[in-house]
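Please read the structure below before turning to the comments.
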Amino acid sequence: MKISIGSDHAGWELKEEIKKYLKEKNVDFQDEGPFDESAVDYPDYAQKVGTAVVSKKATAGILICGTGIGMQIAANKIKGIYAALVDNTFTAEMCRKHNNANVLVMPGRLIGKTLAREITNIWLKTDFEAGRHAQRMDKIKEMENKNFK
Ligand code: RB5
């Protein structure tokens, strides 16, 4: 497994914490930046992480901005990206089991480091349940084919 991780300035501190967590868990990752806390535009990093995932350079992605909303909106503009904004352990599990979310988005200004580590742990270890959920994901893929050029 290889994780592509990125943030904006508002998510930078939490990104550094999650990198520490991934190292502790021996999960390989690629940091797509930014590399300091200077102000940046979150879509640039959603693009980098999303591209790494759809090109299969990474297995999955993690994005962090202030609220998580901007990163979620931007990442979901990439065909093949299913980005889920998560701020609790229940949806960390459900976005894998039911939605097969391949990008985890967290709000750096809303959750603490301990909860973010827990969310990441659950998200990484939970598999897609498929079955009835696969047929719904297939409908989302049909929507992509209709609506994305
Ligand atoms: C940056 O100030 C902030 O707008 C950004 O991190 C994010 O919350 C956007 O959705």
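Listed values, structure above:
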{"read-out": "Some residue of the stretch 42-50 being open to solvent by 60 Å² or more (accessible area, probe 1.4 Å) and farther than 22 Å from residue 148 by Cβ", "value": "no"}
{"read-out": "Odd one out for residue 114 among (1) open to solvent by less than 50 Å² (accessible area, probe 1.4 Å); (2) in a helix (DSSP H, G or I); (3) under 22 Å from residue 29 (Cα atoms)", "value": "(1)"}
{"read-out": "Selected residue (criterion: farthest from the ligand (Cβ to nearest atom)) from residues of the stretch 56-79 that are part of a helix (DSSP H, G or I) and within 18 Å of residue 148 (Cβ to Cβ)", "value": "75"}
{"read-out": "Selection status of residue 114, out of contact with any helix residue (DSSP H, G or I) (no Cβ under 9 Å at 6 or more places or on another chain) and more than 15 Å from the ligand (Cβ to nearest atom)", "value": "yes"}
{"read-out": "Test result for residue 15, open to solvent by less than 30 Å² (accessible area, probe 1.4 Å), closer than 25 Å to residue 112 by Cβ and among the basic types (Lys, Arg)", "value": "yes"}
{"read-out": "Residue selected from the stretch 25-43 under the condition under 14 Å from the mean Cα position of the chain (by Cα) and farther than 11 Å from residue 11 by Cα, by the criterion nearest to the ligand (Cβ to nearest atom)", "value": "43"}
{"read-out": "Condition met for residue 15 (within 15 Å of the ligand (Cβ to nearest atom), closer than 17 Å to residue 124 by Cβ, out of contact with any helix residue (DSSP H, G or I) (no Cβ under 7 Å at 6 or more places or on another chain) and in a helix (DSSP H, G or I))", "value": "yes"}
{"read-out": "Residue list for the stretch 51-71, filter: open to solvent by 60 Å² or more (accessible area, probe 1.4 Å), farther than 15 Å from residue 3 by Cβ and not hydrophobic (A, V, I, L, M, F, W, C)", "value": "67"}
{"read-out": "Any chance residue 101 is at pLDDT 95 or above, within 18 Å of residue 48 (Cα to Cα) and touching a Phe, Trp or Tyr at 6+ places or on another chain (Cβ under 6 Å)", "value": "yes"}
{"read-out": "Matching entry among 5, 64 (being modelled with pLDDT of 95 or more and in contact with a Pro (Cβ under 8 Å, 6 or more places away or on another chain))", "value": "64"}
{"read-out": "Residue tally, condition β-branched (Val, Ile, Thr) and more than 23 Å from residue 125 (Cα to Cα), over the stretch 42-83", "value": "4"}
{"read-out": "Residue within the stretch 45-55 that is away from the ligand (no atom under 11 Å from the Cβ), basic (Lys, Arg), more than 17 Å from residue 113 (Cα to Cα) and at pLDDT 95 or above present", "value": "yes"}
{"read-out": "Failed condition for residue 125, given (1) surrounded by 14 or more Cβ atoms within 10 Å (Cβ to Cβ); (2) within 18 Å of residue 4 (Cα to Cα)", "value": "(1)"}
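The values are calculated or read from the model by the stated rules, or taken from the named source; none is laboratory data. Just so you know, these numbers come straight off a predicted model, no measurement behind them. Note that each Cβ is placed from the backbone with ideal geometry, even for glycine, and that neighbours are counted across all protein chains shown. Areas reflect the complete protein model, heavy atoms only, side chains present, ligands, DNA and RNA absent. Shrake-Rupley method; radii C 1.70, N 1.55, O 1.52, S 1.80 Å.
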